[in-house]
Amino acid sequence: MRKFGVLLGILLIMAVGIFAVTTVTIKIEGVGSPADTTRITNFGDAVKIANNILAACDSPYRIKIETTWFQGGWDEYRKEYILAFKAGKEPDIRAEGHEDIPWMADAGYILPLDKYVKKYNDIAYYDVYPSLWDAVKFNGKIYAIPQDTEARPLYFRKDVLRKLGWSEEKIANFPKEIEAGNVTLDDLIAIAKEAVNKGLVEYGFLHRPSNGGFFTMMYYDFGGKLFDEAGNLIVEEKPLLNTLQFFKKMVDEGVLPSSMTNISWRSIHKAFVEGRSLFWFGGTWHWAEWQRVAYHSKLGALPESYEWENIGFALNPPPEKGGKPITMSHPFTYVVSSHTKYPELVNLLLAVVSSPKFLVNHALASGHLVTRASAAIYPSYVKNKFVASVTPMLKYTTVLPNNLAFKKIMDPLYGAVQAVELGKLSPEKAVKWFEEEVKSAIPNIKIVK
Amino acid sequence: MKGQTPRGATQVIPKRAIYSLKRKKKKERRAQEVRGEAVTFSRRNEIISTIIMTIISIPIFLSYLWLFLSSFSAKMWHGLIPLKFTLHNWRFLWQPIKFGAVMHTSIWPITLNTLLLALAVTISEVLVSTLSGYALSRFRFKGRVMIQGMTMLLHAFPGVALLIAIYYVLYTMRLLDTLWGVMLVKISLEIPMSTNIIKGFFDNIPWDIEWSSFVDGCNRWQTWRYVILPLLKPGIAAISLFSFLSGWGEFLYIYTFIFTSKKQTLATFLNSLIGEFKFVDYGLLSAVATFYMIPTLLFFIFTQKALLQMSFGGRKA
């Protein structure tokens, strides 16, 4: 009897050992506007599916997630990760802009994911747009999973154009005219000047008040390139000068406030949604943000019907007639900490959250665009008027380069724009200043005269 | 006649007499101060000082009033005048705050973290600095002056200058991302100041009192506990208030050394509510800020009486 009891005990312990399930916690952190929070809330449902898969495979692991939403500026977000990483307290998965991949990969903060992309290719990644894979590569390796993308349109106020005497047909055709290359940046300035002079708006244009991809996009718009044929980083002087002259002209014509880079984000959005600015160089996500954040002093958060009635969007016009319009995508990605103890589980979770259902859920909630072809044909995505309207803009899209030294170009470019707008430097002097700054930061950079 | 004031003319008081009168009044006032009596001012001086203090206080008072009113207002006319009463801004008391689809942590664990930090700093500082202040005030030992100088030097370092060094110390001690780590940093950096403050209070307690207690049979510890400590209430109130405020309002170390949202305090929580300013809900921000001020005000109200009793005098044993 005693022997039987011991045997039973041993069997029980073995059974517990065999069937014991270990629950591991995976930390996830995201950032963005209130409209973007699906970037991490999607994981709530994804983890259930991942656990079902693990159970079906008799895996001894189950996943529990801990999510954090960071509210603050980009520099704070980066600083927080660096400090947390050193202390081993960083999240396993983190939402990041693709342009942060070079420094994170170079410093060894994040894992290369080629192995996992290959592993889950047939179910999750086979139809990711190839240009997005380019955006997440550094030194030939994939360091992140594309999470969303977007276009950066030129928003315009339809109600102001109506007051300028434009017909509904002319307003409706305006984006098409821009796409066809019939409207130039100078034409926009002329329209804005007319609206300002007639007292219809306070500002002709508003652009972002902080450093960002927009300024690089304008450099691209004026034909600027950042790489030569051999793949070396370059800056072209002529397009740079034209870009700065464009900002200078907007200020001189009284359609852009000279203190543009000192105006708060909130005041800018408020001015545009209240119809106090004719044009706004924004992003597709702003369409959703205006529906979530109460920028309008009377309406609060905008109903989408108000947006369709009063706000239009188009590609950014070329500088010359017949030119090609432009937009820019800034893909958001998920990166994985190189400290993570469970890379297999983390990547399973990423493969699940990259399924069309979650991508579409995020895109519709946040005004972003999906990263996979199979998500782009999802019924609710196809039916959505806004995403259906902005998706074709991707034909004209550009991205910021994934280059470690690029920030050393981006920062002085923004500084030069600021100096020109504030009247501290002429465009010519700003170009000289920019070149000195860039050459001191990247000695071997080629400045194409 | 010589020495007499002519009839009808104003009596001329010699300047020397006026100065002497002023000196006398000044002396009397100082004597009143030393005796711990309330100093009397002339009616005119009272009115002038009241006007000056009112003018100085108005902006501060108005900003607090604005904060309070906006926390109960659904809308502010031109951002100044409250238009509609609401409790919606105070919803964080009974439900977690939502940011888009994300639910923030409830305010209560965050308040508890803040309270724990403030109380730990207060209790530790009072305990350590009352003992060290007593030793520095009463004992003559080798290195006493140097210790005093060093404590002042440590206090002179701004916290920002020490951030990287503290980060590495906490990293080595595996105390990063823990409230314990921040508590230790706060306590160690605040103790020199509170020791110096409390030493000043000990210096003001006459030796006679201690000697009397020794004569009555008390040892050092009993003298400190039963004789000195009760006389030290204003000093303890002062350092308690300063250390509580310092712990309650701590932002920089929490912001730098804490990475987990569950461990944040009200100061960093407020910062996260502001975020990039773009999405800030001013009503909610005002309500959380008002809530954040309540314990500080309460603490001040309960300790101000003790703070104002700052006179000492020898008594017969």
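The values are calculated or read from the model by the stated rules, or taken from the named source; none is laboratory data. Just so it is clear, the model here is predicted, and its values are computed rather than measured. For neighbour counting, all protein chains shown are included, and Cβ atoms are generated from backbone atoms with ideal geometry for every residue, glycine included. These accessible areas exclude ligands, DNA and RNA; they are computed on the full protein's heavy atoms, side chains included. Shrake-Rupley method; radii C 1.70, N 1.55, O 1.52, S 1.80 Å.
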Discussion item. If a residue must be open to solvent by less than 10 Å² (accessible area, probe 1.4 Å) and β-branched (Val, Ile, Thr), how many such residues does segment A:238-265 contain?
Written reply: 2
Item to complete: Answer yes or no as to whether B:GLY181 is of a type outside the set (A, V, I, L, M, F, W, C), under 22 Å from B:PRO109 (Cβ atoms) and within 15 Å of the chain's Cα centre (by Cα).
Response: no
Worksheet item: Of (1) within 25 Å of B:ALA289 (Cα to Cα); (2) outside any helix (DSSP H, G or I); (3) away from chain A (no Cβ under 14 Å), B:ASP177 satisfies all except one. Which?
Response: (3)
Item to complete: Please verify whether segment A:41-64 includes one or more residues that are within 13 Å of chain B (Cβ to nearest Cβ) and crowded, with 23+ Cβ neighbours inside 10 Å.
Response: yes
Item to complete: Spot the failing condition for A:LYS89; the list is (1) at the interface with chain B (Cβ under 9 Å from one of its Cβ atoms); (2) within 25 Å of A:ASN211 (Cα to Cα); (3) open to solvent by 20 Å² or more (accessible area, probe 1.4 Å), and only one is missed.
Response: (2)
Fill in: Cβ-Cβ under 8 Å pairs, at least 6 apart or on other chains, segment A:420-431 side surrounded by fewer than 14 Cβ atoms within 10 Å (Cβ to Cβ), far side in a loop (DSSP other than H, G, I, E, B)
A:GLY423/A:SER258
Item to complete: Return a yes/no flag: does segment A:22-34 have any residue that is without any contact (Cβ under 8 Å) to a residue 60 or more places away in the chain, away from chain B (no Cβ under 14 Å) and either more than 18 Å from A:SER354 (Cα to Cα) or not hydrophobic (A, V, I, L, M, F, W, C) (or both).
Response: yes
Response to the item:
In segment A:204-243, anything of a type in the set (A, V, I, L, M) and not in a helix (DSSP H, G or I) is listed as A:LEU206, A:LEU226, A:ALA230, A:LEU233, A:ILE234, A:VAL235
Item to complete: Restrict the check to segment B:181-188 and report whether at least one residue is open to solvent by less than 30 Å² (accessible area, probe 1.4 Å), in a helix (DSSP H, G or I), out of contact with any Asp or Glu (no Cβ under 6 Å at 6 or more places or on another chain) and within 14 Å of chain A (Cβ to nearest Cβ).
Response: yes
Discussion item. Among the numbered criteria (1) touching a Lys or Arg at 6+ places or on another chain (Cβ under 7 Å); (2) farther than 23 Å from A:ALA151 by Cβ; (3) crowded, with 19+ Cβ neighbours inside 10 Å, which one does A:VAL235 miss?
Written reply: (1)
Worksheet item: Of all the residues that make up segment B:189-217, how many are outside any helix (DSSP H, G or I) and open to solvent by 40 Å² or more (accessible area, probe 1.4 Å)?
Response: 2
Item to complete: Keeping to segment B:239-250, report how many residues are aliphatic (A, V, I, L, M) and either facing chain A (nearest Cβ under 9 Å) or open to solvent by 30 Å² or more (accessible area, probe 1.4 Å) (or both).
Response: 1
Worksheet item: Does A:ASP159 fit the bill of being more than 30 Å from A:LEU113 (Cβ to Cβ), among the charged types (D, E, K, R) and not in a loop (DSSP other than H, G, I, E, B)?
Response: yes
Response to the item:
Checked against (1) open to solvent by less than 20 Å² (accessible area, probe 1.4 Å); (2) at pLDDT 95 or above; (3) within 29 Å of A:GLY312 (Cα to Cα), A:GLY165 satisfies every condition except (1)
Worksheet item: What number of residues within segment B:263-272 satisfy the criterion of being more than 21 Å from B:SER188 (Cα to Cα) and either assigned to a loop (DSSP other than H, G, I, E, B) or more than 8 Å from chain A (Cβ to nearest Cβ) (or both)?
Response: 4
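Determine if segment B:297-314 includes at least one residue that is buried (at least 18 other Cβ atoms within 10 Å of the Cβ), modelled with pLDDT of 90 or more, out of contact with any Cys (no Cβ under 8 Å at 6 or more places or on another chain) and away from chain A (no Cβ under 14 Å).
No - not one qualifying residue is present in segment B:297-314.
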Discussion item. Residues to consider are B:THR265, B:THR223; find the one that is under 30 Å from A:LYS89 (Cα atoms) and open to solvent by less than 30 Å² (accessible area, probe 1.4 Å).
Written reply: B:THR265
Worksheet entry | Tally of residues being within 11 Å of chain B (Cβ to nearest Cβ) and without any contact (Cβ under 8 Å) to a residue 40 or more places away in the chain across segment A:287-300 | 5
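Residue check: is A:GLY181 closer than 30 Å to A:ALA195 by Cβ and out of contact with any strand residue (DSSP E or B) (no Cβ under 7 Å at 6 or more places or on another chain)?
It is true that A:GLY181 is closer than 30 Å to A:ALA195 by Cβ and out of contact with any strand residue (DSSP E or B) (no Cβ under 7 Å at 6 or more places or on another chain).
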Practice prompt. Please enumerate the residues belonging to segment B:273-288 that are in contact with a Ser or Thr (Cβ under 8 Å, 6 or more places away or on another chain), in a helix (DSSP H, G or I) and open to solvent by 10 Å² or more (accessible area, probe 1.4 Å).
Written response: B:TYR282, B:GLY283
Discussion item. I want to confirm something. Restricting to segment B:251-262 and keeping residues that are at the interface with another protein chain (Cβ under 10 Å from one of its Cβ atoms) and part of a helix (DSSP H, G or I), which single residue is farthest from A:LEU83 (Cα to Cα)?
Written reply: B:LYS262
Worksheet item: Filter segment B:51-73 for residues that are surrounded by 14 or more Cβ atoms within 10 Å (Cβ to Cβ) and over 22 Å from the mean Cα position of the chain (by Cα); which is nearest to B:LEU284 (Cα to Cα)?
Response: B:SER71
Worksheet item: Is one or more of the residues making up segment A:407-414 modelled with pLDDT under 90 and either within 27 Å of A:ASN211 (Cβ to Cβ) or open to solvent by 20 Å² or more (accessible area, probe 1.4 Å) (or both)?
Response: yes
Worksheet item: Under the condition of being open to solvent by 30 Å² or more (accessible area, probe 1.4 Å), touching a strand residue (DSSP E or B) at 6+ places or on another chain (Cβ under 8 Å) and under 21 Å from B:LEU65 (Cα atoms), which residue from segment B:78-115 is farthest from the other protein chains (Cβ to nearest Cβ)?
Response: B:PHE85
